[in-house]
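To start, the structure itself, in structure tokens.
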Amino acid sequence: MRIIEVIADTGHLDTLLGIAEQHEVADVWFNTPGEGERSVLRMLVNDATRQAVIDALQNVLGASEDARIIIQPVEAVLPRREEKSENGKPGADSVSQTREELYNRIQRDTCLDSTFLLLVCLSTVVACIGLIEDNVAVIVGAMVIAPLLGPNIALAFATSLGDSQLMWQALKTNLAGLGLTLIMSIITGFVWQSNLHSSEIMVRTDVGLAGVVLALASGAAAVLSMITGLSSALVGVMVAVALLPPAATLGMMLGSGELAAAFGASLLLAVNVVCINLSAKLMFLFKGVRPRTWLEKSRARQSVTIYTTFWILSLLILIAAIILRHGFYA
């Protein structure tokens, strides 16, 4: 559940109360404003109807510059209320994060600032040391930092909504992070060539069809954990389909001049990136994360068609490359 607080002109009060009654919110209360003051109305809304309530509020208050819609978390409600979906069945599946809550959370992962770049630098250092020293625990530490996962999820989210501004910001952040990782790891591979054949490095210079399935499942799990609010599940996703260790392996292999191994690492990195974006996009669509207005929906349909086709074709090309590579070395 969430508390939706609406601050608006008093003239909207009856309309807002009508929205609360129409969507059968769990509870509603409001103040009685003085002359010239804005009214404050609060609704206790369950997960199943929260998106519909927020959409209705935006339709009414969208043209009002001084209106505010604030979504507040709720730790517990007593006496306990049984959650129901829109069809009235208790316990039915519902999206616990609205489009607006997801946008606010995902947008933070696209910020190309000093903090993001520092996280990329630190995780690259950790990953390179772990790979060279053949230390699984250190590599897992680099996986958990996972600065590159957020921009890829944001890219899938932006194309699902047809939000070109968020899409380009996510793409720019993603390319900057990958570029910085490659530059640092290339320098590491050039300077430190004595132990670049550890088992942890070698395992990331090859990818099979099982790796494709793993990346697809992990990308879908990442989005599902965000939508349902189970952020703890993201840690498992970070480890299952890490982007930074194969990127670091690619850079070190390029730096040491081992092009065959570098090609294998590039395939693994490309498979992870493509599969995360494809499965994340499909999961957003499956869970009904779509724009609000008709114009935005029309723009999003075009975006979804173009980018889904692009990722599917990219995946097919990568699968063909994997099969041909394994056949060549067989």
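Bear in mind that the values in this text are calculations on the coordinates, not laboratory data. Since we're looking at a predicted model, the values are computed, not measured. Note that each Cβ is placed from the backbone with ideal geometry, even for glycine, and that neighbours are counted across all protein chains shown.
Estimate the FRET efficiency between Glu37 and Leu118 by the formula 1/(1 + (r/R0)^6), using the beta-carbon distance for r and 56 Å for R0, to the nearest 0.05.
My answer for the efficiency is 0.75.
Grab the other residues whose beta carbon is less than 12 angstrom from that of Gln97, score K and R as +1, D and E as -1, and report the net.
Its environment carries a net charge of +2.
Based on the mean of other Cβ atoms within 10 Å per residue, sort peptides 255-268, 194-207, 57-70 so the most packed one is first.
255-268, 194-207, 57-70
Between beta-carbons, use under 9 Å as the cut-off and find the net charge around Arg2, counting Lys and Arg +1, Asp and Glu -1.
-1
Between Glu5 and Ile183, with labels modelled 7 Å along Cα→Cβ, what's the label distance in nm to one decimal, could you check?
If labels sit at Glu5 and Ile183, their model points lie 4.4 nm apart.
If we sort 279-285, 211-217, 109-115 on the protection proxy, mean other Cβ atoms within 10 Å, highest first, what's the order? Walk me through the intermediate numbers first.
Numbers: 279-285: 22.9, 211-217: 17.9, 109-115: 14.0.
Highest mean packing first, the order is 279-285, 211-217, 109-115.
Could you work out the pair-distance distribution P(r) of region 100-329 from its alpha-carbon pairs, with 10 angstrom bin width and percents rounded to whole numbers?
All Cα pairs considered, the percentages come to 8, 33, 36, 18, 5, 0.
Subtracting the Cα-Cα distance from 0.36 nm times the residue separation, let me have the gained length for Ala217 to Val136 in nm, one decimal.
In short, 26.9 nm is gained.
Once the other residues with Cβ under 13 Å from the Cβ of Asp134 are scored (Lys, Arg +1; Asp, Glu -1), what is the net sum?
Here the charged neighbours net out to -1.
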